[in-house]
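First comes the structure, then the notes that go with it.
The values are calculated or read from the model by the stated rules, or taken from the named source; none is laboratory data. Keep in mind that what you see is a predicted model, and the values were worked out from it rather than measured. Note: ideal-geometry Cβ built from the backbone for every residue, glycine included; neighbour counts use all protein chains shown. Surface accessibility is based on the protein's heavy atoms, side chains included, excluding ligands, DNA and RNA. Shrake-Rupley method; radii C 1.70, N 1.55, O 1.52, S 1.80 Å.
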Amino acid sequence: MIIKTILSVLAFIVFAPFAGAILTGITRKISARAQGRDGGDITQPISDCIALLQKGRGENSGIQGYYVKVSLFFNVLAGVLFYAGMDLLMTIACLGLGIIFMVIAASVSGTYYSRLGADRLAREMVAAAPMMFMVAIGFYVRCGSFDVKDLAMSGPVAFLPLLGLFAGYMLIPCGKLRRSSFEYRMPHAMYQKDMNSIADAFDRKDAAICEIGSWYEKTVLYSITYLFFANGTLLMTAVGVVCTVLTAVLQGIIENIEPAADGRRAFKSAWLWAFVIGIVNLVIIYIII
Amino acid sequence: MRSVAKIKDRFKIPGLKSLKVNSNWVFHFDGSGCDGCNAEYIACLSPGWDIERLGFRNTGNPSYADVLLVTGLLDEEAKRGLIEVYEQTRPDCKVVAAGVCACTGGLFDGSKGILSGADSVIPVDLYVAGCAVRPESIIDALMEITGNDTNKGTPEGEETA
C-alpha cells in the first residue's frame, strides 16, 4: 500500500506538468480553431516553457522569484496530498496557499499590469473559494469521508447526486473567470500581445516556474473533477478519464464562446451558485441518502 | 550539483540547453507613422497567416524575446522607447526592421525630427522591404532570422499577394 502511494505520488510529480501542458495545448488549439486559425501543436506550451528556461536567468530577478517558488511548492504539495489519498480539504487549502503566494509575487514585482493581474487573481480566488469547499462538503455528505483514497476507491459515484456542485465547480473555478484581457498567469491568446498579466515583470526563469506551477494546479483541479466519476472500478476509471478530458475540452469551448465576466459579476454569480444551487444540492442528497 | 553533472555525463543525458524546441518569442516595437506595417504584423497573427502554427509567440516582455521586430517611423520620442526596450533584451536577441520606414526612414528620411531607420539607433540584423511590408515578407524574415524551418504549407483561406 505504501509503495503504491509512493509510486502514485512520484508519478504525479513527474507526469503532472506534462498532463497540464497538454491540456493547456488542447485549450490553445480549441481557441485557435474557434478563431478560424490552425494554431500551434498541442505540445507547444512545453516548447515555450523549455525555450524560456533555456534563456536562463535575467538581471531583474527579485524577491518575487522566492514567492513564485513557494507557490510552485504548494501546488505540488496539493497534488502530493491528493495522490497520497489524504484529505481533500488539505488539497484545496494548499491550492489556495499557492494562489496567495502567486498574488504576493505579482504584487511585489512592481508593474502596473502584474498588480492588476494579482488583484484579479485574488478576487477570482475569493469568488471560487466557497464552491471549492462546497464540493468537498458534498463529497463528505455523499461518501462519508474527506479522504481522497476513500472517495476514489470505495465511494459511490458522485457525479449524478452532486450534479449541481459539479456544474458549479466546472464553470466557476476553472471556466469563466479565467478569460479576460488580464488572463490568469501567462496569456496564451495571440492577440494579447502587450499584456503578460501576473508574469509581466517576472524573470524568464520565474515565468517558466510560474507556468509549470499552473500546470500542476490544473492537473490537481482536473483530478478533483475525476473524483466525481471514480469508484475504484476499471470501467469508471476509464469513464472518469474520458469525462475529465471532455470537461477540459468543453471548458475551452465555453471560454471561447462566452465573454469574460468582470470581477463583480463573477463574484456575485459564483457565490450565488455556491450558496443557492450548492446548498440545495447538499440538502437534496442529505434527505435522499 | 557536481554529482548531477557527473550523472549526466555518465549516462549521456542531454542538458536542457541542448534540446531543440520550436518556440520563438517575438517582441513587436512600433514607432510612429501611418501604422500600416503595424497592421500588417497584426495580420500575421490573424487566421489568414497565423504565425502561431509555426511556433512563434508574441510577448510583452523584451527580456523573453528571441526577435525584436521594429516597424514604423522612428522619431526622438520613439528612439528613447526603442533604446529602453533594446537594453532589456538578451544579448543574442535578433533585431528585424520591417517596412521601409524602419529600414531607412523611407519617404520621410531627412524630415525634421525623423531618424534614418532603426539602424541609426540600434544594430539591425535583417531588413525587410515594403511599404507597407507584406505579412508573407515578415513571416519569411522571422523564419530566416530564427532558423525556423517548419513547413506547414499555407493556412486555409490565405490571400496571396
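Taken together, A:Ile42, A:Ile50, A:Ile46 contain a single residue that is among the β-branched types (Val, Ile, Thr), within 19 Å of B:Thr150 (Cβ to Cβ) and facing chain B (nearest Cβ under 7 Å), which is A:Ile50.
This table checks each residue for (1) of a type in the set (A, V, I, L, M, F, W, C); (2) assigned to a helix (DSSP H, G or I); (3) touching a helix residue (DSSP H, G or I) at 6+ places or on another chain (Cβ under 7 Å); (4) open to solvent by less than 40 Å² (accessible area, probe 1.4 Å).
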residue	(1), (2), (3), (4)
A:Lys29	no, yes, no, no
A:Arg33	no, yes, no, no
A:Arg37	no, no, yes, yes
A:Arg57	no, no, yes, no
A:Lys69	no, yes, yes, no
A:Phe74	yes, yes, yes, yes
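Within the range B:31-55, the residues that satisfy the criterion of being in contact (Cβ under 8 Å) with a residue 24 or more places away in the chain, within 16 Å of the chain's Cα centre (by Cα) and assigned to a loop (DSSP other than H, G, I, E, B) are B:Gly31, B:Trp49, B:Asp50, B:Gly55. Here A:Ser114 fulfils each of the conditions (1) under 16 Å from A:Gly213 (Cα atoms); (2) open to solvent by less than 10 Å² (accessible area, probe 1.4 Å) apart from (1).
For the range B:67-84, the criterion of being open to solvent by 20 Å² or more (accessible area, probe 1.4 Å) and facing another protein chain (nearest Cβ under 9 Å) is satisfied by no residue at all. Taking the range B:86-110 as the range and being under 20 Å from B:Asn24 (Cα atoms) and in a helix (DSSP H, G or I) as the test, the residues that pass are B:Tyr86, B:Glu87, B:Gln88.
Of all the residues that make up the range B:56-85, how many are in a helix (DSSP H, G or I) and under 30 Å from B:Lys112 (Cα atoms)?
11
Here A:Cys49 meets the list (1) touching an Asp or Glu at 6+ places or on another chain (Cβ under 7 Å); (2) open to solvent by 40 Å² or more (accessible area, probe 1.4 Å); (3) touching a residue at least 60 places away in the same chain (Cβ under 8 Å); (4) not small (Gly, Ala, Ser) almost entirely, failing just condition (2).
Selection over the range B:87-115 of residues that are within 14 Å of another protein chain (Cβ to nearest Cβ) and within 30 Å of A:Asp41 (Cα to Cα) gives a count of 7.
Residues considered: A:Arg115, A:Arg123. Of these, the only one that is touching a residue at least 12 places away in the same chain (Cβ under 8 Å) and charged (D, E, K, R) is A:Arg123. The sole residue among A:Arg33, A:Arg37, A:Arg28 that is within 7 Å of chain B (Cβ to nearest Cβ) and farther than 24 Å from B:Gly15 by Cβ is A:Arg37. In this structure, is B:Gly117 within 13 Å of the chain's Cα centre (by Cα) and touching a residue at least 40 places away in the same chain (Cβ under 8 Å)? Spelling it out, it is not the case that B:Gly117 is within 13 Å of the chain's Cα centre (by Cα) and touching a residue at least 40 places away in the same chain (Cβ under 8 Å).
Being touching a residue at least 24 places away in the same chain (Cβ under 8 Å) and within 27 Å of B:Thr89 (Cβ to Cβ): is that true of A:Ala21 here?
yes
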